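*Asks:* Following this message is one structure expressed as structure tokens.
The values are calculated or read from the model by the stated rules, or taken from the named source; none is laboratory data. Just so we're clear, the structure is a prediction, and the values are computed from it rather than from any experiment. All Cβ positions, even for glycine, are placed from backbone atoms using ideal geometry, and neighbour counts span all protein chains on display. Side chains are part of the model used for accessible areas, which takes the heavy atoms of the whole protein and leaves out ligands, DNA and RNA. Shrake-Rupley method; radii C 1.70, N 1.55, O 1.52, S 1.80 Å.
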Amino acid sequence: MSTILVTGGAGYVGSHVVKELLRQNHRPIVYDNLQTGHKEAVNDAILIEADLSDQEKLRETFHSYPIDAVMHFAADCLVGESVKEPLKYFNNNVKNSIQLLEMAYEFGIKNFIFSSSAAVYGEPEKIPISEDHPCLPTNPYGETKWIFEKVLKGFQDLGRMNYISLRYFNAAGADPEGDLGEDHLPETHLIPIVLRAALNGGVVPIYGVDYDTPDGTCVRDYIHVTDLAQAHILALKHLERGGNSGIYNLGNGNGFSVKEVIETAKRVTGKEIAQIGSGRRPGDPARLVASSEKIRRELKWAPAYPDLETIVETAWQWHRKHPNGYEKS
Ligand code: UFG
């Protein structure tokens, strides 16, 4: 059993990881300001409600628990907002993350798992994208993830920390047991927006219908959030047994267009979903599809829910049961 400090553990991906840590008899200590996370999502884990910038609270947390490793999810993660408010992103995602890393080092922690993003790549030169693809982020959010990866590498070069950075493609779906789901305010992600339209009516805007893709809409690689959670557990085990630091992509290697996602949601829900072609969203690459060969090979990761239909189905089950999200369900 390990004690893991999970920053952002009440958020969408973090909470699914916390559930898996608990299931495997680890002790997650969730550190979350609940700005976008949900108290209801942390199950029986200890929850410390505080901001990552709160050095005193962070220090107290490291003092209070025998923390073995850190999993760092807490971040601002809206691409559009990052373009408008870049300093907010550099402060939270870079400065606060560096402070966390330094404190972890001060308390003798050796293993750090970081929630990174496909946004580090920017507009890809080739598909599928492997980890050695150049990183040219096209928005401040992606920049911050890329910068912190370099900070981690610097720490590792000095022998101060071992780390795994996981570059997620499009996290989607919900806990197959129905306990956890995706609940953002505002919601900007495609699948929850489409499912809410199926539930409550409304029209889904398609951001860009003139991309250089088969049907003109953006193509993404959707990965089930529980498969992401499993990757974190494998990364933890890998570091605990003395494995090398590294960076890994996480996707299924299949690209689906916005229109294909809407069609899949229509099949899964049995409902009509209205859609309307709209302008492009700034900063959106046309196609993002991962090669996850490295994590399959080195950490033996294998997704349990690789097909889009299942991903949408699990999300649909959660949205049906929680039409107003966590709080008001
Ligand atoms: N989209 C629509 N209509 C909507 C919402 C989204 O057409 O109402 C489109 C987007 O333009 C995009 C696709 O659906 O082409 C997927 O959009 P999401 O917002 O669900 O996801 P993104 O691909 O924008 O974002 C993901 C991660 C980010 C990461 C980014 C990298 O959620 O954390 O990939 O580009 F930064």
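*Asks:* In whole Hz, with x marking every Gly and Pro, tabulate ³J(HN,Hα) for region 261-268 from phi via Karplus 6.51 cos²θ - 1.76 cosθ + 1.60, θ = phi - 60°.
*Replies:* Couplings: 5, 5, 4, 4, 5, 4, 5, 5 Hz.
*Asks:* Taking region 93-158, which GluC sites (Glu not before Pro) meet the DSSP loop condition and have no more than 15 other C-beta atoms within 10 Å?
*Replies:* Answer in residue order: GLU125.
*Asks:* Further, regarding this structure: Sorting ARG167, ARG297 by accessible area (1.4 Å probe), largest first, what list results?
*Replies:* Sorted descending by solvent-accessible area, the residues read ARG297, ARG167.
*Asks:* Grab the Cα-Cα distance for LYS95 and ASP179, subtract it from 0.36 nm times how many residues apart they are, and report the gain in nm with one decimal.
*Replies:* Result for the pair: 26.9 nm of gain on full extension.
*Asks:* Can you work out ³J(HN,Hα) from phi for every residue in region 147-156, in order, using Karplus 6.51 cos²θ - 1.76 cosθ + 1.60 and θ = phi - 60°, giving whole Hz and x for Gly and Pro?
*Replies:* After applying 6.51 cos²θ - 1.76 cosθ + 1.60, I find 5, 5, 4, 5, 4, 4, 4, x, 4, 5 Hz.
*Asks:* In whole Hz, with x marking every Gly and Pro, tabulate ³J(HN,Hα) for region 247-253 from phi via Karplus 6.51 cos²θ - 1.76 cosθ + 1.60, θ = phi - 60°.
*Replies:* 10, 9, 6, 9, x, 9, x
*Asks:* Does region 1-78 come out rounded, prolate or oblate, given a ≥ b ≥ c as the square roots of the eigenvalues of its C-alpha gyration tensor, rounded meaning a/c under 1.5 and, failing that, prolate meaning a/b above b/c?
*Replies:* Oblate.
*Asks:* Can you grab the distance from the C-alpha centre of region 225-249 to the C-alpha centre of region 12-68, Å, no decimals?
*Replies:* 18 Å
*Asks:* Students often get this wrong, so check it: of LYS150/LYS237; LYS57/LYS153; LYS153/LYS259; LYS88/LYS153, which have C-alpha atoms separated by over 32 Å?
*Replies:* With Cα atoms farther than 32 Å apart: LYS153/LYS259.
*Asks:* From the protein chains alone at 1.4 Å, what is the descending order of accessible area for ILE206, ILE127, largest first?
*Replies:* Greatest to least solvent exposure: ILE127, ILE206.
*Asks:* Taking the Cα centre as origin and putting +1 on Lys and Arg beta-carbons and -1 on Asp and Glu beta-carbons, what dipole magnitude results for the chain, to the nearest 20 debye?
*Replies:* Here the chain has a charge dipole of around 320 debye.
*Asks:* Along the charge dipole of the chain, Cβ charges K/R +1 and D/E -1, which of LEU308, ALA198, GLY242 sits furthest on the positive end?
*Replies:* Checking the options against the dipole of the chain, the answer is GLY242.
*Asks:* Students sometimes get this wrong: rank LYS321, LYS266 by accessible area, probe 1.4 Å, all chains present, largest first.
*Replies:* LYS321, LYS266
*Asks:* How much accessible surface does LYS294 have with a 1.4 Å probe, in Å² rounded to 10?
*Replies:* About 50 Å², ignoring ligands and nucleic acids.
*Asks:* For helix 55-64, report the angle its Cα long axis makes with the longest principal axis of the Cα atoms of the chain; keep it between 0 and 90° and round to the nearest 10°.
*Replies:* Here the helix axis deviates by roughly 70 degrees.
*Asks:* I would also like to ask the following. Using a simple charge model, +1 on the beta-carbon of Lys and Arg, -1 on the beta-carbon of Asp and Glu, nothing else, what dipole does region 24-110 show about its Cα centre, in debye to the nearest 20?
*Replies:* I would put it at about 180 debye.
*Asks:* If you add up the charges near HIS133, with Lys and Arg at +1 and Asp and Glu at -1, over every other residue whose beta carbon is less than 9 angstrom from its beta carbon, what do you get?
*Replies:* Net charge around HIS133: -2.
*Asks:* Can you give the % of DSSP beta bridges in the chain that are antiparallel, to the nearest 5?
*Replies:* Counting DSSP beta bridges with both partners in the chain, the antiparallel share is about 5 percent.
*Asks:* Let me ask something else. Among ALA104, HIS133, ILE147, flag the residue with its Cα farthest along the positive direction of the charge dipole of region 98-147, charges on Cβ as +1 for Lys/Arg and -1 for Asp/Glu.
*Replies:* ALA104
*Asks:* What is the dipole size for region 113-182, taken about its Cα centre, with +1 at each Lys and Arg Cβ and -1 at each Asp and Glu Cβ, in debye to the nearest 20?
*Replies:* 380 debye
*Asks:* Which value, in Å² and to the nearest 10, is the accessible area of CYS77 when all protein chains are kept and the probe is 1.4 Å?
*Replies:* In the full protein context, CYS77 sits at about 70 Å².
*Asks:* Next question, about the same structure. What does the C-alpha gyration tensor say about the overall shape of region 89-143? Classify as rounded when a/c is under 1.5, otherwise prolate if a/b is larger than b/c, or oblate.
*Replies:* oblate
*Asks:* Helix-only estimate, please: 222 nm mean residue ellipticity of the chain, summing -39500 (n - 2.57) across DSSP H runs of length 4 or more and dividing by its residues, to the nearest 500.
*Replies:* -11000 deg cm²/dmol
*Asks:* On the full set of protein chains, 1.4 Å probe, figure out the accessible area of LEU299 and give it in Å² to the nearest 10.
*Replies:* My reading of the accessible area for LEU299 is about 10 Å².
*Asks:* Taking amide H positions as placed in the peptide plane 1.01 Å from N, state which residues far from GLY246 in sequence (5 or more) or on other chains have amide H under 5 Å from it.
*Replies:* TYR163, ILE164, SER165
*Asks:* Something else now. For region 188-329, rounded, prolate or oblate, judged on the Cα gyration tensor with a ≥ b ≥ c (square roots of eigenvalues), a/c < 1.5 rounded, else prolate if a/b > b/c?
*Replies:* Judged from the Cα gyration tensor, region 188-329 comes out oblate (a/c at least 1.5, b/c at or above a/b).
*Asks:* Please give the FRET efficiency for ARG59 paired with THR310, using the beta carbon to beta carbon distance and R0 = 45 Å, rounded to the nearest 0.05.
*Replies:* 0.55
*Asks:* Sticking with this one: Considering only DSSP beta bridges whose two residues both sit in region 173-329, what percent are antiparallel, to the nearest 5?
*Replies:* The antiparallel fraction comes to roughly 25 percent.
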